[in-house]
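The values are calculated or read from the model by the stated rules, or taken from the named source; none is laboratory data. Keep in mind the model is a prediction, meaning the values are calculated, not measured. Reconstructed Cβ throughout: ideal geometry from the backbone, glycine too, with neighbour counts over all protein chains shown. Remember, those area values only see protein heavy atoms, side chains included, never the ligands or the DNA or RNA. Shrake-Rupley method; radii C 1.70, N 1.55, O 1.52, S 1.80 Å.
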Amino acid sequence: MAKNLFITATEARSGKSAIALGIMELLIRNVGRVGFFRPLIHAAPDGKKIDNDIHLFSSYFKLGIPEEKMFAYTLTQAGNLIGHGRQDELLEGIFNAYREIEKDHDFILCEGIELEDSTASFEFDLNAQIIKNLGCPVLLVANARHKPVDDVIRSIRVYHKSFINEGCEVIATIVNRTQPQDRQKIISILEKESPASGQLIYAVPDDKSLGNPTIGEIAHILGAEILYGSDRLNRHVHGFTVAAMQLRNFLKRIEHGMLVITPGDRSDVIVACLSAVSSMSMPNISGILLTGGLKPEESVCRLIEGFSNMVPILSVTADTFPSAILVSKVHAGISPDNDRKITKALEIFDKHIDSEALTVKIIETRTTVVTPKMFEYRLLQKAKADKQRIVLPEGEDERILYAAEILLRRDVVDLILLGNEERIRKQIARLGLRMDSAVIMDIRKSKYFNDYVQHYYDLRKDKGMTLEAAKDFMSDVNFFGTMMVHKGDADGMVSGAVHTTQATIRPAFEIIRTKPGFSVVSSVFFMCLKDRVLVYGDCAINPDPDAGRLAEIAVSSAQTARIFDIDPRVAMLSYSTGESGKGEDVEKVRKATQLAREMSRQRGLDLKLEGPIQYDAAIDPIVAGIKMPDSEVAGKATVFIFPDLNTGNNTYKAVQRSAGAVAVGPVLQGLKKPVNDLSRGCLVSDVVNTIAITAIQARAGKELI
């Protein structure tokens, strides 16, 4: 079952809130606990952060979620973060706010923000990023009010194409505020253009009562004082007129539902309007707006109070013309206390939307998109769920310290920093970091040092190790950190920011060694593409593995994929597919595939494996349909095993650079306990990800014991 839906519109004032009301009622009827979330909101003019739609959904549907928890940022806050290059922080803040609601709900209806004019492209890009990273299918609301059909279709086409290019899935389009004569034509054109996607298309007619503001909304926006009729503020305003002419001319221009705007000293207009309200032959106005800060005199007030039929009378300090301009710009919302509007919106939705078909589409559509940011966020959340203790031998490096602060402040792991304590503390102070919970350990002063020296000597004495040499080895931060992991004083180790790969992993080969049943330590990269995460192995450790080792790498890589919630479908790569090719290299892969299947069965893993297979047949469903139509892996592979280091290393770098993929790794596998190697050119984000990965591996290793 799907867990969320994102409603967004082609432009502001599309009537999206009315459509969202219908969707929410539909969901509440068919799903258990439904939450509502707006990633971004406009800041209210008075500085409050409460959003009209949040207030509407929270109150009307009694969601029980504090309104301040139902959004992540105001648009101003988001703009400031983006302007300072902190878009990652923005997306993470949205993730965190969303996850807080997700904890207690089965489904979340998300609503996007719409901007106008030159900011519309910025709004689309921002909404698309949020949609992808929350993993939401999309329901698009298009605005057809006062627009030719061709313009409506053209706008929808642009949005559909843009969403496809961004990797977002649009499951339904609702064209709102259509003219009666255009509805069927719009539906027919759009349905012809989207049969392959299975997208649902609906058109909802324009209803003026939903687009008209109430007197109360106008009073709130103008900051008006309510002189009379405070119990009648739900009256809808269908239009307005300025009464600046003589009565005989003004009375001809009164229409039903009109707001009359006039200077506050025009007692004649006030009395005439109230007389018209009481008259059976005159249209019924919605209210009177008095301008200029002028109010009726006491004698006129007594006369007003004597009318039995009253309409709201408002007073503002602004002059008549500016007040009329403000009224013309008022956009009608739907407030939770306006039962008439809510009932009307739901009635229109039910009449023109196939609720049963749309419910099935929403509930059954679960997006498979996994963006790099989603993957990185999930790493931190997964590591945080069961905190592990990770040792960092390069505790004096700036990148390590920055990453350590991030992880500690987010309470993801416990950390041990190795190095000179005085120098580390000076670095922390110089960088302005806060990491009081980090354990800083000077090797020579450590209570573990002598025990580790003795243990290392015992492990290696048969190979000529002396006690003095063991002391020298344990004085090395990587050997000491590895021994901490081996002895259970730490759960995993991450190094390599300033050390070579050999210096990082050699101690692990000597001290921790491989898992039972495995003879080789290998590596994988998590290749985070725009819409999914793939596993590449081995691209960093083994130059030219034989068939047996290649089979082990395949099984290890599949196990690693499962640890990180990637369903392993393993492609054993070669330059030929199936039985088409011959030669020593192909035969190696063919034999490795057979051995990997046997290992998989022996370990009860039940892996889906295919090989030899070419990369295009492994990843592209169209090519797979030609070359291997009956394969469970072809066209759907998630784990790619390269025949040698030369092929793997070049391929991962080519994909990384040409496709803009984020390569997370290398992640070492096959060891009894996790040790991972950083690149010496690593960024702070690389360090954060690798530490989180190591913690997850440590947790998974304990669960298998």
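If you go through segment 620-662 and keep only what is among the aliphatic types (A, V, I, L, M) and either in contact with a His (Cβ under 8 Å, 6 or more places away or on another chain) or in contact (Cβ under 8 Å) with a residue 24 or more places away in the chain (or both), you end up with MET628, VAL633, ALA634, ALA637, VAL639, ILE641, LEU645, VAL655, ALA659, ALA661, VAL662. Within segment 598-631, track down each residue that is open to solvent by 70 Å² or more (accessible area, probe 1.4 Å) and out of contact with any strand residue (DSSP E or B) (no Cβ under 9 Å at 6 or more places or on another chain). Listed by number, the residues that qualify are GLU598, ARG601, GLN602, ARG603, ASP606, PRO621, ILE622, ILE626, PRO629, ASP630. The single condition among (1) within 21 Å of LYS208 (Cβ to Cβ); (2) without any contact (Cβ under 8 Å) to a residue 12 or more places away in the chain that GLU298 does not satisfy is (1). Here ILE270 passes the criteria (1) of a type outside the set (Asp, Glu); (2) in contact (Cβ under 8 Å) with a residue 40 or more places away in the chain; (3) outside any helix (DSSP H, G or I); (4) within 21 Å of GLY239 (Cα to Cα) except the one numbered (3).
Scanning segment 382-407 for residues that are under 23 Å from the mean Cα position of the chain (by Cα) and either among the small types (Gly, Ala, Ser) or under 13 Å from ALA438 (Cβ atoms) (or both) turns up ALA383, ALA385, ALA403, ILE406, LEU407. Residues that are surrounded by fewer than 19 Cβ atoms within 10 Å (Cβ to Cβ) number at least 1 in the following strands (runs of 3 or more DSSP E) confined to segment 407-498: 414-418, 439-441.
Residues considered: ILE261, ILE218, ILE285. Of these, the only one that is at negative phi, without any contact (Cβ under 8 Å) to a residue 40 or more places away in the chain and open to solvent by less than 40 Å² (accessible area, probe 1.4 Å) is ILE285. Taking the conditions (1) touching a Leu at 6+ places or on another chain (Cβ under 7 Å); (2) within 30 Å of GLU376 (Cβ to Cβ) in turn, LYS161 satisfies each one other than (1).
Looking across segment 172-191 at every residue that is over 17 Å from THR10 (Cα atoms) and basic (Lys, Arg), the one that is least open to solvent (accessible area, probe 1.4 Å) is identified as ARG183.
Residues that are part of a loop (DSSP other than H, G, I, E, B) and under 32 Å from the mean Cα position of the chain (by Cα) within segment 527-561 comprise LEU529, LYS530, ASP531, ARG532, ASP538, CYS539, ALA540, listed in sequence order. Inside segment 672-705, can you point out the residues that are assigned to a helix (DSSP H, G or I), modelled with pLDDT of 90 or more and open to solvent by less than 30 Å² (accessible area, probe 1.4 Å)? Within segment 672-705, VAL687, VAL688, ASN689, THR690, ILE691, ALA692, ILE693, THR694, ALA695, ILE696, GLN697, ALA698 meet the criteria.
Remark: ALA551 falls outside the filter, which requires a residue to be of a type in the set (Gly, Ala, Ser), under 10 Å from ILE641 (Cβ atoms) and in contact (Cβ under 8 Å) with a residue 60 or more places away in the chain.
Answer yes if at least one residue in segment 229-246 is assigned to a helix (DSSP H, G or I) and small (Gly, Ala, Ser), and no otherwise. Taking every residue of segment 229-246 in turn, at least one turns out to be assigned to a helix (DSSP H, G or I) and small (Gly, Ala, Ser).
Beta carbons closer than 8 Å, at least 6 apart along the sequence or on distinct chains, pair a first residue in segment 505-520 that is among the charged types (D, E, K, R) with a second that is open to solvent by less than 60 Å² (accessible area, probe 1.4 Å) and in a loop (DSSP other than H, G, I, E, B) for LYS515/GLY670.
Screening the candidates GLU356, GLU422, GLU364, GLU405 for the property of being within 17 Å of CYS682 (Cβ to Cβ) and among the charged types (D, E, K, R) yields one hit, GLU405. State the number of residues belonging to segment 144-171 that are closer than 18 Å to LYS132 by Cβ and either of a type in the set (Gly, Ala, Ser) or open to solvent by less than 60 Å² (accessible area, probe 1.4 Å) (or both). Count: 9. Within segment 570-596, the only residue that satisfies the criterion of being closer than 17 Å to ALA618 by Cβ, open to solvent by 80 Å² or more (accessible area, probe 1.4 Å) and part of a helix (DSSP H, G or I) is ASP585. The helices (runs of 4 or more DSSP H) located wholly in segment 604-665 that include 1 or more residues which are at pLDDT below 90 and under 16 Å from PHE525 (Cα atoms) occupy 645-658.
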